[in-house]
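The values are calculated or read from the model by the stated rules, or taken from the named source; none is laboratory data. Quick caveat: nothing in here was measured; it's all calculated off a predicted structure. Neighbour counts are summed over all protein chains in view; Cβ atoms, including those assigned to glycine, are modelled from backbone coordinates with ideal geometry. The area values use the complete protein model at the heavy-atom level, side chains included, leaving out ligands, DNA and RNA. Shrake-Rupley method; radii C 1.70, N 1.55, O 1.52, S 1.80 Å.
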Amino acid sequence: MSNTPAAENPDDLTGLHTGKIKKTAVGLPAILSSFRHVIESAGIARGLKALKHVNQKGGFDCPSCAWPDPDDERSGIAEYCENGAKAVAEEATTKKLTPEFFAQHSVGELAAQTDLEIGGKGRIAQPMFLAKGSDHYQPITWEDAFQHIARILNSLPSPDQAIFYTSGRTSNEAAFLYQLFVREYGTNNLPDCSNMCHESSGVALTESLGLGKGSVRLDDLYLADVIVIMGQNPGTNAPRMLTALQKAKNNGAKIISVNPLPETGLMAFNNPQQVKGILGISTPLTDLYLPIKLNGDMALLQAIELLLWLEEEQAPGTVFDTAFIRDRTTGYSPFLEHLQQASLPDLSTACGLSIEQIGEAATMLKDKKKIIVCWAMGLTQHTNAVDTIKEIVNLLLLKGSIGKPGAGTCPVRGHSNVQGDRTMGIWERPTEKLLDSIEKVFGFQPPRQHGFDVVNAIRAMHEGKASVFFAMGGNFLSASPDTNYTAAALRHCRLTVHVSTKLNRSHLIHGEEALILPCLAHSDEDFTGGQEQFISCENSMGVVQSSKGVLQPVSEDLLSEPAIICLLAKATLGSRPRGTKVDWDRYIKNYDNIRDDIQRTIPGFDQYNIRVREPGGFYLPNGPREGLFNTPDQKAHFNVADPQQPSLADDELMMMTIRSHDQFNTTIYGLNDRYRGIYNERRVILLNEEDMRTQGLKPNDVVDIFNDHGSVRRIAHRFVVVPYAIPRQCAAAYYPETNVLVPIDTVADKSNTPVSKLIIIRLKRSAESVPANI
């Protein structure tokens, strides 16, 4: 099929409206937007019931971001954000896609629509099968679907020819069963969405501190003296974080925001749960905003460290925590030797900030010990991402700001259970300790050879080394780099299978055959096994808590993710001569049985079924939080690295992909980026006004964005030029529309994460401009 792989509708750009950048985030507009989406999708009674229970103790986990819930009392008004409400609305919708819908609409017809149109169709109501050569999905029974998948999996010459992807929505219980099935099947091909987001954080923190997770709790933010936010837009990507930042500010914290764009959510916050917020009286958040060049973060951090060292030289022992450095770290001497050779003017040029701006940040940190650094994809999706995150650790180690209240590392995770999935063993490079535990508990020998991550899985499918792709949630095509290359890879497959709640573009760019297996959502009641069940998730700060849906499912033909995995495992492994070592029926009867076996297999889950039923759940062990570092020498490691900046031709720019405010990951809720003042259009590129003049462009010109990396022309057609406050030679545009420009072989060192935050591009004027609509 020649269906459209990219999220494109480049012909109609005339609806663009631009306005002023908002000065404050959330407030009454966020409330109105939240309720409008929920009521339009689910109706008043069903919608309000869902909102009443989302993120509440005894309720269900929000299906969007992984920001933690308060340990103590939770808001009786609303423990969710605007984008969380939009995510709940899409789950709670009463619209459903029946066989009649798929009979009326071909795959080609659906693929020609925008991601907004595709995602808004409703919940998939029954299993659907796309036969070879057909352009219409047809209904299929669950039993026939499982048998068909099992037959193809068991016919492969090697289990390594199958790819098993995981989305961050997948619960602990489903993730554990999934990796167990895949490893008994015989492969470690378990790529997941973490490969594309915080893999760099996991690598850096594991090598530096002995644990690939952040070290802080939510309460630590309230105790911090200084919070540094780097490469993150909390107002859109984790709006509930703004409440924590407001509380920190009220307690006296200073906030330094480091970002190429002056994001509204970094500047001020109207708390919609306070009278002042409703009245439009905002809390200023950022004390120092540093508009950094793309990938200038390491240079900035080293410049700050250099200035702090100069202060330490003037008054030894007053700026650096020398006792902590001596007793708890290693590598300080080579780190300091490297730092002393650095040039402050060169570092200033590399990060695009003046020495005065850098000095202001250093002054704010000089006398403080309770320092937290938060970051997200603005740091993790660069070639040198691992070293940049290690530079964050360097700064915190100099100040002794790890392992104490109000201090530490805070990678802000994206999808709701992406961290929990990794804890459960969803990883293409499992540890020997995990594999030994699986063998001991279940009695089969799991494969020891590492599998494919996302990038290598795409390559394997493209090269014919893998022919079955199975996705546990997510929108793989739209989330992945190099859209056309990824689309070709999926089309090379013999079979593609997606476990999903609603329609997305990945269902429409498929292998020779394709299946959609509809599952229960977080908000749905689950009576698998004839009794009410609940699942559990791990948030961004290592808290595991229960999640129990409250809504009647829109269809009686939906199965839970644990049930889908168990039934598929029985069909696939049960038909083999050696059978299966796992009692899959036991798990379907009662999810407590899954948690019992997680407890036997995964460290930190003692008394799982007891503790997960406690209101608010429980914290997993976290060595760095306690000042303990599970590295080979039991010490925290300083790192030595040099900043990187590409050499650009006169007509080249560095572009980063970003989300709009009407979006969560690849899910598009609307066409308005309210905080940035961009309305009714997504195909825009944000440019510095001086760069526009240099390139002979004016507002509302229409350009094609392209590059020729690896002698391959990659092009995103027809984007409207919008002048914006962004550093020279830098640009920004929304994904997934611009993922087509991200080369498959441009990846972060060590983590292999696609480099989506520094894409070298050129611009070519399209045939016409759009009329100004200001």
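Please pick out the residue among Gly119, Gly59, Gly84 that is open to solvent by less than 20 Å² (accessible area, probe 1.4 Å) and closer than 14 Å to Gly549 by Cα. Spell out the reasoning first.
Details: Gly119 fails: closer than 14 Å to Gly549 by Cα; Gly84 fails: closer than 14 Å to Gly549 by Cα.
After ruling out the rest, the residue left standing is Gly59.
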Handout entry: Selected residue (criterion: farthest from Ser171 (Cα to Cα)) from residues of region 30-56 that are open to solvent by 70 Å² or more (accessible area, probe 1.4 Å) and modelled with pLDDT under 80
Key = Leu32
Exercise for the section: For Ala514, indicate whether it is of a type in the set (Gly, Ala, Ser), over 23 Å from the mean Cα position of the chain (by Cα) and surrounded by 23 or more Cβ atoms within 10 Å (Cβ to Cβ). Expected result: yes
Problem - Pairs, first under 27 Å from Pro159 (Cα atoms) in region 183-208, second modelled with pLDDT under 95 and among the β-branched types (Val, Ile, Thr), C-beta under 6 Å, six or more apart - result: Cys193/Val418; Ser194/Val418
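Residues checked against (1) outside any loop (DSSP other than H, G, I, E, B); (2) at pLDDT below 95:
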| position | (1), (2) |
| --- | --- |
| Asn622 | no, no |
| Arg625 | yes, no |
| Leu628 | no, no |
| Pro632 | no, no |
| Val640 | no, no |
| Ser647 | no, yes |
| Met654 | yes, no |
| Thr657 | yes, no |
Exercise for the section: Would you be able to say whether some residue in region 607-616 is among the hydrophobic types (A, V, I, L, M, F, W, C), within 23 Å of Gln179 (Cβ to Cβ) and either out of contact with any strand residue (DSSP E or B) (no Cβ under 7 Å at 6 or more places or on another chain) or at pLDDT below 95 (or both)? Expected result: no
Handout entry: Test: residue in region 137-145 that is under 25 Å from Val418 (Cα atoms) and either among the charged types (D, E, K, R) or at pLDDT 95 or above (or both)
Key = no
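Only one residue in Ala78, Ala92, Ala6 is at pLDDT below 80, touching a Ser or Thr at 6+ places or on another chain (Cβ under 6 Å) and open to solvent by less than 80 Å² (accessible area, probe 1.4 Å), so which one is that? Talk me through it step by step, then tell me what you get.
On the way: Ala78 fails: touching a Ser or Thr at 6+ places or on another chain (Cβ under 6 Å); Ala92 fails: at pLDDT below 80.
Within the list Ala78, Ala92, Ala6, the selection yields Ala6.
Taking the conditions exactly as written (at pLDDT below 95 and open to solvent by 20 Å² or more (accessible area, probe 1.4 Å)), does Ser333 satisfy them or not? Steps first, answer last, please.
On the way: at pLDDT below 95: no; open to solvent by 20 Å² or more (accessible area, probe 1.4 Å): yes.
When the stated conditions are applied, Ser333 does not pass them.
Given the residues Asn672, Asn639, Asn593, Asn680, which is the only one that is more than 30 Å from Ala303 (Cα to Cα), under 29 Å from the mean Cα position of the chain (by Cα) and buried (at least 16 other Cβ atoms within 10 Å of the Cβ)? Spell out how you get there, then give the answer.
Values: Asn639 fails: more than 30 Å from Ala303 (Cα to Cα); Asn593 fails: under 29 Å from the mean Cα position of the chain (by Cα); Asn680 fails: buried (at least 16 other Cβ atoms within 10 Å of the Cβ).
Answer to the check: Asn672.
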Practice task
Within region 216-239, track down each residue that is crowded, with 24+ Cβ neighbours inside 10 Å, within 21 Å of the chain's Cα centre (by Cα), on the phi < 0 side of the Ramachandran plot and part of a loop (DSSP other than H, G, I, E, B).
Solution key: Val216, Gln232, Asn233, Ala238, Pro239
Problem - Close pairs (7 angstrom Cβ cut-off, 6 or more residues apart or separate chains): more than 20 Å from Arg183 (Cβ to Cβ) in region 448-467, hydroxyl-bearing (Ser, Thr, Tyr) and outside any helix (DSSP H, G or I) anywhere - result: Ile458/Ser480
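Pull up region 567-590, narrow it to residues that are of a type in the set (S, T, N, Q) and modelled with pLDDT of 95 or more, then point me to the one that is least open to solvent (accessible area, probe 1.4 Å).
The initial filter retains those residues of region 567-590 that are of a type in the set (S, T, N, Q), namely 572, 575, 580, 590.
Remaining after also requiring modelled with pLDDT of 95 or more: 572, 590.
Working: Thr572: 0, Asn590: 40 Å².
By that ranking, first place goes to Thr572.
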Practice task
Please enumerate the residues belonging to region 142-158 that are part of a loop (DSSP other than H, G, I, E, B) and within 33 Å of the chain's Cα centre (by Cα).
Solution key: Leu156, Ser158
